[in-house]
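The structure under discussion appears below in the form of structure tokens.
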Amino acid sequence: MADAPLLGRGNDPSRSTGSRIKNARNVDTNTSIIRSILKIFSGGLIAPADTTYATIMILLNSTNAEEQDNLTTQWRDHKLNELSFIGVVSPLVAVCLVSTGAWDEISGKGWYIRAIWYSGIVFALFSVLTATQQTLRLHRLSAHKDGLHLLRLCLVRDRKPLDSEEGEAKLVPKPFQIWSWQSSMMFLMMAVGCLLVGMLVLVWSAVIKETKNVEYDENFKLAMSFTTVLAATVVYFFATQVSLMVGVSVE
């Protein structure tokens, strides 16, 4: 039994054989907390290893043909539901970016503020486009007689010896394939990030004038209030991401 390696990384030889990834909600040491935070930034937000890499590893290495087909079908159906949800949310984010980008306060500001908004629109549109393309790809593969087998061929890279008790080689997924299937979510998060960063720059641009002097007026109070709420929300968001991390062992 071996742990599923982090996306793009090999197994950590310092770990004992057959150890399980600890559930992040039970972390009670500073080292584990730091490790969980690093996992968030190393792919946890876009392609968490515990729920993407490990899931594909399990379905690729199932020894029972019927179980393997069931796991592949389950992965495909859940991926279609995920893409459908992203296909609904991304246009809403695009509408927010387009509508807020038409504000007079933005059109009269510097080019960099408008560039942030336009970049967010591009990310939101490509999120919709990617989700649509991947949905069609899954449906077309599923229509084939050997659709489930072809789907597994798209995911698998080759056999790789892993740190397991048996010492046997296992099929491993293509790292870029994992990121590709998460690209619509990545574009969506980048679009939301552009919207938030753009609003942050906008409110502070009214405080920091061209003379580089800070005016402590109502605009300053607005900027401080917005920044405080945004910072608290971002911290809470990352805390929830850490608490939702789960450990999945690959047998």
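Summary of values
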read-out	value
Count of residues meeting criterion [in a helix (DSSP H, G or I), aliphatic (A, V, I, L, M) and more than 30 Å from residue 58 (Cβ to Cβ)] in segment 76-112	7
Residues located in segment 129-148, provided they are aliphatic (A, V, I, L, M), at pLDDT 90 or above and in contact with a helix residue (DSSP H, G or I) (Cβ under 7 Å, 6 or more places away or on another chain)	131, 138
Filter result for residue 216 (aromatic (Phe, Trp, Tyr) and at pLDDT 80 or above)	no
Segment 99-119 - residue that is surrounded by 15 or more Cβ atoms within 10 Å (Cβ to Cβ) and among the aliphatic types (A, V, I, L, M) and, of those, modelled with the highest pLDDT	116
Selection status of residue 128, surrounded by 15 or more Cβ atoms within 10 Å (Cβ to Cβ) and part of a helix (DSSP H, G or I)	yes
Test: residue in segment 99-108 that is under 14 Å from residue 192 (Cβ atoms), assigned by TED's automatic domain parsing to the domain that holds residue 181 and more than 22 Å from the chain's Cα centre (by Cα)	yes
Lone qualifier among 46, 40, 34, 21 - being at pLDDT below 65 and exposed (fewer than 12 other Cβ atoms within 10 Å of the Cβ)	34
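The values are calculated or read from the model by the stated rules, or taken from the named source; none is laboratory data. Treat the numbers as computed from the prediction; the structure is a model and nothing was measured. Don't worry about glycine lacking a Cβ; one is built from the backbone with ideal geometry, like all the others, and counts go over all protein chains shown.
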